[in-house]
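The values are calculated or read from the model by the stated rules, or taken from the named source; none is laboratory data. In this text the structure is predicted, and so the values were computed from the model without any measurement. Quick reminder, even Gly has a Cβ in these numbers, built from the backbone with ideal geometry, and neighbours come from all protein chains shown. Surface accessibility is based on the protein's heavy atoms, side chains included, excluding ligands, DNA and RNA. Shrake-Rupley method; radii C 1.70, N 1.55, O 1.52, S 1.80 Å.
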Amino acid sequence: MPFTRVVAMAGGVGGARLAHGLAQCLAAEALTVIVNTGDDFEWLGLTLCPDLDTVLYTLAGIENRKQGWGRARDTGHVLEALGPLGAPTWFHVGDRDLATHLRRSELLWKGYSLTEVTRVLAQALGVGPRVLPMTDDELRTRVVTPEGEMDFQEYFVKRACEPRVVGFRFEGLETAQASQAVLEALEHAELVVLCPSNPYVSLDPILSLPGIRERVRNRPALAVSPIIAGAAVKGPAAKMMRELGLEPGAPEIARHFAGTVQGLVIDTADAGSTAEIEAMGLRVRAAPSLMRGPSGRAALARVVLDFGQELAGGVHVDVGDRPRQAA
Ligand code: FO1
């Protein structure tokens, strides 16, 4: 029997790619993707949700493949015109991408929740799986550095991840609540997948919301390591780990998620760490995890679903590709 209720948790590019792989293997209504909103920020008065957009564009097949974020075939006329007007131009918003930010901000101004707005955008873009922001409240990831705290996008884009990381703070965590839709999806999940996103700034904001980690613990759940042979496929995860005094590698990712998930998918390059990770009480599956192109995403998704089936202790699940429904 195929899975009918899989919940994936994702940040930006790596998470979006595995979500797309899962979408190729599951019926659209069988997949819910819960997305980090800790990277969200205000840009020229508009609300930008970079991880939500990366997931939406990737599931819609309209992402900029080279960058992983932003839209394919975008142009930069607005940004070019903004410079001489004295506006900040370090965050590269393309013209087509801007349309998403305008529409989202308009609907938020009208009083719709981020969950509702995301549903509208997903439908408009032809995205089949359900995409949920982790919360409708404001929670912002702040990066703690020796220079002081900074907004995530200031650290990530403006400063190109150069400042040394001392820690992270999720501003708003005292009051933010996971949305009802997120809590319900987790309660009914047959399998929870922590996608290969940055553990500290993409997945931890989601897992830190009240009620989320407990629900994940109570379901069959696995994580996919974003670190291959000591390096991050994309982004600053490995650099952050070194600066936090941790050794970048699959065992450290295992330590981070032990107690939350029961299984870890690691790259075949890290298969030598299997025994060390198993000693932490986790089950391990080694597989090629680089996700080259849509077929590489689907291949990793099949491994994840097969392993998930084993963790769920169920009978064999058919995890073969299904014909794609949307673009
Ligand atoms: N990342 C960059 O490295 N530089 C950019 O100028 C940039 C612009 C941008 C615009 C829209 C969007 O949705 C994402 C954008 N990103 C950019 C990516 C974003 O900062 C990161 O993907 C995440 O926040 C980390 O997951």
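Being without any contact (Cβ under 8 Å) to a residue 24 or more places away in the chain and open to solvent by less than 50 Å² (accessible area, probe 1.4 Å) is the filter here; which residues of the range 104-126 pass it?
The first filter runs over the range 104-126 and keeps only residues without any contact (Cβ under 8 Å) to a residue 24 or more places away in the chain, leaving 106-107, 109-112, 116-117, 119-120, 123-124.
Answer for the range 104-126, where residues must be without any contact (Cβ under 8 Å) to a residue 24 or more places away in the chain and open to solvent by less than 50 Å² (accessible area, probe 1.4 Å): Leu107, Val117.
For His101, indicate whether it is within 11 Å of the ligand (Cβ to nearest atom), surrounded by 13 or more Cβ atoms within 10 Å (Cβ to Cβ) and in a loop (DSSP other than H, G, I, E, B). Steps first, please.
Numbers: within 11 Å of the ligand (Cβ to nearest atom): yes; surrounded by 13 or more Cβ atoms within 10 Å (Cβ to Cβ): yes; in a loop (DSSP other than H, G, I, E, B): no.
It is false that His101 is within 11 Å of the ligand (Cβ to nearest atom), surrounded by 13 or more Cβ atoms within 10 Å (Cβ to Cβ) and in a loop (DSSP other than H, G, I, E, B).
Hey, any hits in the range 129-144 for a residue that's modelled with pLDDT of 95 or more, in a helix (DSSP H, G or I) and surrounded by 21 or more Cβ atoms within 10 Å (Cβ to Cβ)?
Step one: filter the range 129-144 for residues modelled with pLDDT of 95 or more, giving 129-144.
Retained after the next criterion (residues that are in a helix (DSSP H, G or I)): none.
Within the range 129-144, none of the residues are modelled with pLDDT of 95 or more, in a helix (DSSP H, G or I) and surrounded by 21 or more Cβ atoms within 10 Å (Cβ to Cβ).
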Quiz item: Name the pairs whose Cβ atoms lie under 6 Å apart, with the first residue in the range 46-69 and modelled with pLDDT of 95 or more, the second among the hydroxyl-bearing types (Ser, Thr, Tyr) and near the ligand (Cβ under 7 Å from one of its atoms), and 6 or more positions between them or separate chains?
Solution: Trp69/Thr54
Quiz item: For Asp136, which of the numbered conditions (1) within 16 Å of the ligand (Cβ to nearest atom); (2) free of Cβ contacts under 8 Å to residues at least 60 places away in the same chain; (3) under 25 Å from Ala28 (Cα atoms) fails to hold?
Solution: (1)
Exercise. Would you check which residues across the range 62-97 are farther than 18 Å from Ala122 by Cβ and open to solvent by less than 50 Å² (accessible area, probe 1.4 Å) and list them?
Key: Asn64, Gly68, Asp74, Gly76, Leu79, Leu82, Gly83, Ala87, Phe91, Val93, Gly94, Asp95
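With the range 237-315 as the region, which helices (runs of 4 or more DSSP H) entirely inside it contain at least 3 residues that are touching a Pro at 6+ places or on another chain (Cβ under 8 Å) and open to solvent by less than 40 Å² (accessible area, probe 1.4 Å)?
Values: elements: 237-243, 250-257, 274-278, 293-312.
Ranges flagged: 237-243, 293-312.
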Quiz prompt | Residue check, Gly148 at pLDDT 95 or above, open to solvent by 20 Å² or more (accessible area, probe 1.4 Å) and more than 12 Å from the ligand (Cβ to nearest atom) | solution = yes
Self-check item: Spans of strands (runs of 3 or more DSSP E) in the range 1-68 with at least 3 residues under 25 Å from Leu82 (Cβ atoms)
Solution: 41-43, 46-48
Quiz prompt | Contacts under 6 angstrom Cβ, first residue in the range 71-91 being more than 14 Å from His101 (Cβ to Cβ), partner assigned to a loop (DSSP other than H, G, I, E, B) and open to solvent by 30 Å² or more (accessible area, probe 1.4 Å), 6 or more apart | solution = Ala72/Ile62; Ala72/Asn64; Gly83/Thr89
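Quick grid of which residues meet (1) hydrophobic (A, V, I, L, M, F, W, C); (2) closer than 30 Å to Glu310 by Cα:
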{"site": "Thr4", "(1), (2)": "no, yes"}
{"site": "Ala16", "(1), (2)": "yes, yes"}
{"site": "Asn36", "(1), (2)": "no, yes"}
{"site": "Glu63", "(1), (2)": "no, no"}
{"site": "Gly70", "(1), (2)": "no, no"}
{"site": "Thr75", "(1), (2)": "no, no"}
{"site": "His92", "(1), (2)": "no, no"}
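Being out of contact with any Phe, Trp or Tyr (no Cβ under 8 Å at 6 or more places or on another chain), free of Cβ contacts under 8 Å to residues at least 12 places away in the same chain and within 16 Å of the ligand (Cβ to nearest atom) is the requirement here; does Ala238 meet it? First the steps, then the outcome.
Details: out of contact with any Phe, Trp or Tyr (no Cβ under 8 Å at 6 or more places or on another chain): yes; free of Cβ contacts under 8 Å to residues at least 12 places away in the same chain: yes; within 16 Å of the ligand (Cβ to nearest atom): yes.
Here the answer is yes, as Ala238 does meet what is asked.
Mind listing just one residue for me: the one in the range 1-19 that is open to solvent by 10 Å² or more (accessible area, probe 1.4 Å) and of a type outside the set (A, V, I, L, M, F, W, C) and, of those, nearest to the ligand (Cβ to nearest atom)? Before the answer, list the steps.
Just the residues of the range 1-19 that are open to solvent by 10 Å² or more (accessible area, probe 1.4 Å), to begin with: 1-5, 12-14, 17.
Filter again for of a type outside the set (A, V, I, L, M, F, W, C), leaving 2, 4-5, 12, 14, 17.
Details: Pro2: 30, Thr4: 29, Arg5: 26, Gly12: 3, Gly14: 9, Arg17: 12 Å.
Going through the qualifying residues, I end up with Gly12.
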Self-check item: Residue count, the range 76-94 (criterion: over 22 Å from Phe152 (Cβ atoms), among the small types (Gly, Ala, Ser) and more than 13 Å from the ligand (Cβ to nearest atom))
Solution: 3
Quiz item: Restricting attention to the range 126-157, which residues are of a type in the set (A, V, I, L, M, F, W, C), within 28 Å of Leu186 (Cβ to Cβ) and in contact with a Gly (Cβ under 9 Å, 6 or more places away or on another chain)?
Solution: Met134, Leu139, Val143, Phe152, Phe156
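Out of Glu214, Glu190, Glu184, report the one residue that is away from the ligand (no atom under 16 Å from the Cβ), of a type in the set (D, E, K, R) and in contact (Cβ under 8 Å) with a residue 60 or more places away in the chain.
Values: Glu214 fails: in contact (Cβ under 8 Å) with a residue 60 or more places away in the chain; Glu184 fails: in contact (Cβ under 8 Å) with a residue 60 or more places away in the chain.
Every option except Glu190 fails the conditions.
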Practice problem: Evaluate the range 210-229: report whether one residue or more is in contact with a helix residue (DSSP H, G or I) (Cβ under 9 Å, 6 or more places away or on another chain), open to solvent by 10 Å² or more (accessible area, probe 1.4 Å), aliphatic (A, V, I, L, M) and assigned to a loop (DSSP other than H, G, I, E, B). | Solution: yes
